[in-house]
Amino acid sequence: MSGSQVLVVEGDSNRREMLSTLIEFVNCQPIIVDEPESWYTQVESLADIAMAIIGDCGNHHIAKQLLRELVNHEARVPVFTLELPDTDVMNFPGTIGSLRFPIKYPQLNNALQQATIYRGQPDASDTSGNLFRSLVGNSRSIKIVQRMVDQVADSDANVLILGESGTGKEVVARNLHHFSARRDKPFVPVNCGAIPAELLESELFGHEKGAFTGAITARKGRFELAEGGTLFLDEIGDMPLPMQVKLLRVLQERTYERVGSNKTQTANVRVIAATHRNLDEHITDGRFREDLFYRLNVFPIEMPALRERPEDIPLLVNELIKRIEHENRGTVRLTPAAMTSLCRYSWPGNVRELANVIERLVILFPYGTVDFDDLPEKYCLEGDDLPEQVVATINAAPEPVRQRNLPESVALDSEGAELNANEAKVDTSATATIPVDGLDLKEHLANLEYLLIKQALDETEGVVAHAAQKLKMRRTTLVEKMRKYGIQREGD
């Protein structure tokens, strides 16, 4: 987002100066407003504003009025409130979140990332690939993680990242490296559980020619490749006990030898480890060394499971869709009902599972709209009302679909739904009668859809492509609906 403008409304001159300096540091242009009631006279165009930060406006009434004007403006400016010490957080419907003052670089960078997602624009400053991909969110738990990353990034302390599979532990590790003084040196990941025990020592420390059968040349290990940078030991809980002893020595003495060599080498490497295992249980069972645990656990970071932060799901969905769009692999739109259902699901696979679901929906409904009934059956959940903060996030979620890079045969109506030129308009002249006792509309429509699909298949002798053409829908959509209703073709 290099060169973008950031609107700042803040009554305190010292805070204005600090915010202005930080915004310029991230290559953005600060637009400073010191009189909240006349902010619009000091801003030429909201269309050029990447994001807005609203701080002390004098009194609560003026602040609410300003937030209402910005949030409801047609330019759809992403708005953040400033969380001041010893002051209640100003929550307002439609704002993206709050920023804790004094703001530091990682916090502002993450806010710009979220603003980019909200506006649906390419992020010119994102040169770091998937940085903050699963750290996007406004929930308390993810903000704690962001704050801890901010606090420990510049340190050389060993970090142990804990959390379930798919929560984004490697993303945290990459952020720690990116925001550290070692950012210009290598980031080297190693999956300790994926490498056979007999090869792990060679993989970490390297080997000399002839050190063992098959060692036809000398080879550098991961410690040597990460020299000056960061070594990420993923799934450290699966490391064999003999290797744990050797790793402990390296962490204590900062030296190691290649396999088959007597030459001692110095390790100038920051070690970050991660695991989804319960290391306390492993220590009790004798499967993990307690002394190694304390060496690694200098600064623990616990990644929350996705089910613990459902209010972040809409932002994550839009982040995932945006990345698929930028790869020119299509796009998709989710209705509020579909998004609500996804927020009810427990996500045992966490962010990785969510990413797989979104990719599947893009394949099934390219450039289309996904409603509740279109979701895979296991994700169609109805139940109690969601917490208010989750509902507010769903209602304020940005529209992921944009009328860009679409095939010529596809257009979007004013609601963002797909219209094909050969699709017939709905006949609104027909009338229907509701029984005296009422009816279950959802069940009625499902029965009607089931009967029409059966009829189309019967008339086309079970040829799905022809039946889909008759029903004016995609073949993949029809196949999904057939699976949903348990309809099988003859011979299946």
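Restricted to segment 236-345, the set of strands (runs of 3 or more DSSP E) holding at least 2 residues that are surrounded by fewer than 20 Cβ atoms within 10 Å (Cβ to Cβ) comprises 255-257, 264-266, 299-302. Listed conditions (1) surrounded by fewer than 23 Cβ atoms within 10 Å (Cβ to Cβ); (2) at pLDDT below 80; (3) of a type outside the set (Lys, Arg); (4) outside any loop (DSSP other than H, G, I, E, B) are all met by Thr81, apart from (2). Determine if segment 192-203 includes at least one residue that is touching a strand residue (DSSP E or B) at 6+ places or on another chain (Cβ under 9 Å), closer than 30 Å to Trp347 by Cα, at pLDDT below 90 and assigned to a loop (DSSP other than H, G, I, E, B). Taking every residue of segment 192-203 in turn, at least one turns out to be touching a strand residue (DSSP E or B) at 6+ places or on another chain (Cβ under 9 Å), closer than 30 Å to Trp347 by Cα, at pLDDT below 90 and assigned to a loop (DSSP other than H, G, I, E, B). Residue count for segment 451-492, restricted to those that are under 18 Å from Val370 (Cβ atoms), in a helix (DSSP H, G or I) and charged (D, E, K, R): 5. Taking Asn278, is it touching a Ser or Thr at 6+ places or on another chain (Cβ under 8 Å) and not aliphatic (A, V, I, L, M)? Answer is no for this residue.
Restricting attention to segment 351-367, does a residue exist that is under 21 Å from Val479 (Cβ atoms) and acidic (Asp, Glu)? Within segment 351-367, one or more residues are under 21 Å from Val479 (Cβ atoms) and acidic (Asp, Glu).
Yes/no matrix, rows are residues, columns are (1) in contact with a Lys or Arg (Cβ under 7 Å, 6 or more places away or on another chain); (2) at pLDDT below 85; (3) not acidic (Asp, Glu):
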| residue | (1), (2), (3) |
| --- | --- |
| Ser4 | no, yes, yes |
| Arg15 | no, no, yes |
| Cys28 | no, yes, yes |
| Glu44 | no, yes, no |
| Ile53 | no, no, yes |
| Ala63 | no, yes, yes |
| Val77 | no, yes, yes |
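Please determine, by comparing only the residues of segment 436-488 that are of a type in the set (Lys, Arg) and over 24 Å from Pro366 (Cβ atoms), which one is surrounded by the fewest Cβ atoms within 10 Å (Cβ to Cβ). Among residues in segment 436-488 that are of a type in the set (Lys, Arg) and over 24 Å from Pro366 (Cβ atoms), the one surrounded by the fewest Cβ atoms within 10 Å (Cβ to Cβ) is Lys442. Every condition in (1) crowded, with 22+ Cβ neighbours inside 10 Å; (2) under 20 Å from Tyr105 (Cβ atoms); (3) at pLDDT 90 or above is met by Met148 except one, and the failing one is (1).
Can you say whether Ile216 is among the β-branched types (Val, Ile, Thr) and touching a Cys at 6+ places or on another chain (Cβ under 8 Å), as far as the supplied structure shows?
On the way: among the β-branched types (Val, Ile, Thr): yes; touching a Cys at 6+ places or on another chain (Cβ under 8 Å): no.
So Ile216 does not fit the description; no.
Check whether at least one residue in segment 153-171 is touching a strand residue (DSSP E or B) at 6+ places or on another chain (Cβ under 7 Å), part of a helix (DSSP H, G or I) and closer than 30 Å to Thr393 by Cβ, and report yes or no. The answer is yes; a qualifying residue exists. In segment 296-339, what count of residues is obtained for those that are without any contact (Cβ under 8 Å) to a residue 40 or more places away in the chain and polar (S, T, N, Q)? So the count comes out to 1. For beta carbons closer than 7 Å, sequence separation of 6+ or different chains, a first residue in segment 466-479 that is within 11 Å of Leu452 (Cα to Cα) and a second that is loosely packed, with under 15 Cβ neighbours inside 10 Å and aliphatic (A, V, I, L, M), the qualifying pairs are Leu471/Leu452. Residues in segment 1-33 that are assigned to a helix (DSSP H, G or I), surrounded by fewer than 20 Cβ atoms within 10 Å (Cβ to Cβ) and either touching a residue at least 60 places away in the same chain (Cβ under 8 Å) or among the hydroxyl-bearing types (Ser, Thr, Tyr) (or both): 7 in all. Quick one: is Ser202 surrounded by fewer than 17 Cβ atoms within 10 Å (Cβ to Cβ), in contact (Cβ under 8 Å) with a residue 24 or more places away in the chain, among the hydroxyl-bearing types (Ser, Thr, Tyr) and in the same structural domain as Lys169 (by TED's automatic domain parsing)? It is false that Ser202 is surrounded by fewer than 17 Cβ atoms within 10 Å (Cβ to Cβ), in contact (Cβ under 8 Å) with a residue 24 or more places away in the chain, among the hydroxyl-bearing types (Ser, Thr, Tyr) and in the same structural domain as Lys169 (by TED's automatic domain parsing). If the condition is being within 18 Å of Asp373 (Cβ to Cβ) and not hydrophobic (A, V, I, L, M, F, W, C), then segment 433-450 contributes Asp440, Lys442, Glu443, His444, Asn447, Glu449, Tyr450.
Based on this model, can you work out whether Phe232 counts as touching a residue at least 24 places away in the same chain (Cβ under 8 Å), hydrophobic (A, V, I, L, M, F, W, C) and within 30 Å of Leu315 (Cα to Cα)? The answer is yes for Phe232. Does segment 253-260 contain at least one residue that is in contact with a helix residue (DSSP H, G or I) (Cβ under 7 Å, 6 or more places away or on another chain), of a type in the set (Lys, Arg), free of Cβ contacts under 8 Å to residues at least 60 places away in the same chain and in the same structural domain as Phe232 (by TED's automatic domain parsing)? Checked against the condition, which is being in contact with a helix residue (DSSP H, G or I) (Cβ under 7 Å, 6 or more places away or on another chain), of a type in the set (Lys, Arg), free of Cβ contacts under 8 Å to residues at least 60 places away in the same chain and in the same structural domain as Phe232 (by TED's automatic domain parsing), segment 253-260 yields at least one hit. Among the residues making up segment 308-323, a single one is under 11 Å from Ser141 (Cβ atoms) and basic (Lys, Arg): Arg309. Residues that are touching an Asp or Glu at 6+ places or on another chain (Cβ under 9 Å), among the hydrophobic types (A, V, I, L, M, F, W, C), part of a helix (DSSP H, G or I) and in contact (Cβ under 8 Å) with a residue 40 or more places away in the chain within segment 363-390 comprise Leu364, Val390, listed in sequence order.
The values are calculated or read from the model by the stated rules, or taken from the named source; none is laboratory data. Since we're looking at a predicted model, the values are computed, not measured. Cβ coordinates were reconstructed from backbone atoms using ideal geometry, including for glycine residues, and neighbour counts include every protein chain displayed.
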